[in-house]
Every structure is written in structure tokens, then in C-alpha cells.
Amino acid sequence: MDSIRDALLGARSVLLTSHARPDGDSLGSQLALGAALRQLGKQVRIIDCDPAPDLYTFLPDLGTIEIADNVTDRFDAVVVLECSSLDRTGLGGLDERPLINIDHHPGNAMYGTLNWHDESACACAELVSELIDTLGVPLTPAMATQLYVAILTDTGSFRHANITPRTFTICQKIATTGINPTDVASQVYNNGSLGRLRLTGMLLERMQLEHVSHLIPDVTIIHGNRVAVLRLNDAMLAEAGCTPDDIEGIVNIPLAARDVRAVVFFKDTGAAMRVSLRSKDSVDVRQVAVSFGGGGHRNAAGLTIEHPSSETDSLLLSRVAAAITDSEP
């Protein structure tokens, strides 16, 4: 971390970016670090390839994030946050620059000139919080809100297995700035559209519940081990009257059922199939995602299938089922 701190202190202009289709952690981490660097007098720009979901419009300074396909301007330092490989930024021109890579995803490609990769962090925001401390910048309420949203969303509301005592130490410091964690959580989880509510009902009504024993031939039937399968297409979005932004978080809902060990959410985008995977306990869906060219964490991962077919769907579901059986003692 010291070399990254020194590089940032020595820079006059800094570019921050993160992965395509930003989430709470990528947005909060970029915004908080950007605010800290501006306090130090740095010229900071944040550029992403995709706009933030409407869910996060309440985040302080969200409007400072620029949207572009390519980076052409020169910067003294370029920081890529929460991104396991450079291509996942969706931005052109980054491979021509010295990069600072800060990430917590397993399997990070270590593509930076300087790399800080810590899989034990529950969110990239944990690393950003520690970096801000090292830079000697006090947390403002706005920065605290950004970091808290990042940690809250990337831990599944403090339910994922990647939480450590460090997580709560950082959150305790965040709370001392005077922000109200209840209000922040309400902004994230109780601020959805009516379209999202309708879409949730449609998805759950059409949800498939697959027994592991039906997905893997000759496996011993394990009581309660089910995979919940959700499927979404553009026609459903139109019928519900919502946008793709309204999808976020719906994938987690089936895990509330005791018998569901994993969720597979197929999202047909027309050109390709995006798939979100979620799981409980020691069921490792990241390895399933990696086998299809994706990535993520043990309990939350994703992938894209460029040429979807029923055969590919079946293979994916069988691998998720295998992950469940592999997790059994």
C-alpha cells in the first residue's frame, strides 16, 4: 500500500475507473477515493464505460462520473478499482498507461504496474478506506456514505461469508462521521420502482426449482438441495414497465427459502445471455462462473454466454448442482 500511497501523493492528475455495469462497491469506492484525492488538491476525473443504475442516484457526487468508451487524455496516475482484469473496464486506451490495480476479487490478473490485491477484503471499499487513512485524509459524511453503500451492497447486507472483524471496524469509523446507516440502507433497499415490484412478482411466479438429483445423474438425493432458476427477457421488462436497472438485487430473493442453496438468473440481452449466480454457505459458484469465462466471489458471481443454447443452460445448471454436492460434508 505504501508504494500506491506515494504514487498518488506524487501525482497531480489522477484517473479513477472500475468495471463495466457498475455496482455499489465500484461506485462507492471510486467516489470516496476521488473525494479524498481532491482534498489533497489533486485533479481527479472518474470515467466509467456505463452509467450508474438509477438505484444509486442518491450517492453524493455521483454526477462527477463521466461516461466514455475510450480514454485519450494523459494522467499522472490511473487507478483501476474493483476490477479483476483490465478488459472488464470496457474502456479503451488504458493498456497504454502505467496502472494502479486495487481489487479484492479472487483470480485478479495483476495487470497493474502497482497491484494491491486482497481477497480477504469483503469489498474494494475496505481497501479504499484503508488507503484514505494512509493518505491522511479525514472521512467526510459524503465519503462515509459512499463507503458504507459499497460495503453494504457487496456483502449482501452483511450476509456473505467474506465479512471479517475488519469490516465492522471500518463501519464503526464510518458511523462516527454522523451518517445514519438505517437511512442509507433504506435508500438502497426501500427505494425501488413499482415496475421493479411487478417484475419481481413475474420472475418469482415463473421461477423453476430444480432438485440437485434431477440435474446430476446418479447423485444421491440430498433433502432440500434445490437450485432456483430465474429467466428474464426484454418482453418481461416492457410488460412490467421497468428498466434493466430495476433488476439489481432480485437474484438474492430465492435464497430466503431454506431449501434453496443456489440461484441462477438468466438475463437475455438479445445479443448474449448474462447470468448471475448466488449461493449460500460453502457453495462455490465462483468456480462455476470461471469455467464459463466469468468471475466473482464464492457466493456471488457472474458470466456472459455469447451463444446461448439449451445445451449450455443445462451444462451450467449441472455445474451449479455439482458445486452444491461438492459443498456437502
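The values are calculated or read from the model by the stated rules, or taken from the named source; none is laboratory data. No experiment lies behind these values; they were computed from the predicted model shown. Please note: Cβ atoms are built from the backbone with ideal geometry, for glycine as well, and neighbour counts cover all protein chains shown.
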Item to check | Filter result for the condition that a residue is surrounded by 24 or more Cβ atoms within 10 Å (Cβ to Cβ) and charged (D, E, K, R), over 66, 96, 82 | outcome: 82
Next on the checklist: For a quick check of your reading of the model, give me the residue pairs whose first member lies in region 96-121 and is basic (Lys, Arg), whose second is modelled with pLDDT of 95 or more, with beta-carbon atoms closer than 6 Å and at least 6 apart or on different chains.
Outcome noted: 97/78
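Go through 305, 253 for me and flag whichever is in the same structural domain as residue 207 (by TED's automatic domain parsing), crowded, with 17+ Cβ neighbours inside 10 Å, out of contact with any Lys or Arg (no Cβ under 9 Å at 6 or more places or on another chain) and closer than 26 Å to residue 199 by Cα. Show your work before the answer.
Details: 305 fails: out of contact with any Lys or Arg (no Cβ under 9 Å at 6 or more places or on another chain).
The match here is 253.
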Checklist outcome for this item: Picked from region 300-329 (must be in contact with a helix residue (DSSP H, G or I) (Cβ under 7 Å, 6 or more places away or on another chain) and among the polar types (S, T, N, Q)), the residue nearest to residue 157 (Cα to Cα) is 325
Checklist entry - Of 32, 20, which residue is surrounded by fewer than 17 Cβ atoms within 10 Å (Cβ to Cβ), touching a helix residue (DSSP H, G or I) at 6+ places or on another chain (Cβ under 9 Å), in contact (Cβ under 8 Å) with a residue 40 or more places away in the chain and closer than 30 Å to residue 243 by Cα? => result 20
Checklist entry - Taking residue 132, is it under 26 Å from residue 6 (Cα atoms), in contact with a helix residue (DSSP H, G or I) (Cβ under 7 Å, 6 or more places away or on another chain), outside any helix (DSSP H, G or I) and among the aliphatic types (A, V, I, L, M)? => result no
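Residue under question is residue 322, and the condition is that it be in contact (Cβ under 8 Å) with a residue 40 or more places away in the chain, more than 18 Å from the chain's Cα centre (by Cα) and part of a helix (DSSP H, G or I); does it hold? Quick ask: steps written out before the conclusion?
Values: in contact (Cβ under 8 Å) with a residue 40 or more places away in the chain: yes; more than 18 Å from the chain's Cα centre (by Cα): yes; part of a helix (DSSP H, G or I): yes.
When the stated conditions are applied, residue 322 passes them.
Restricting attention to region 229-248, which residues are crowded, with 19+ Cβ neighbours inside 10 Å and not in a helix (DSSP H, G or I)? Before the answer, list the steps.
Let us first name the residues in region 229-248 that are crowded, with 19+ Cβ neighbours inside 10 Å, namely 229-230, 232, 240, 242, 246-248.
Of everything in region 229-248, those that are crowded, with 19+ Cβ neighbours inside 10 Å and not in a helix (DSSP H, G or I) turn out to be 229, 230, 232, 242, 248.
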Checklist entry - Among the residues of region 58-77, which ones are over 17 Å from the mean Cα position of the chain (by Cα), under 18 Å from residue 25 (Cα atoms) and not in a helix (DSSP H, G or I)? => result 58, 60, 61, 65, 66, 67
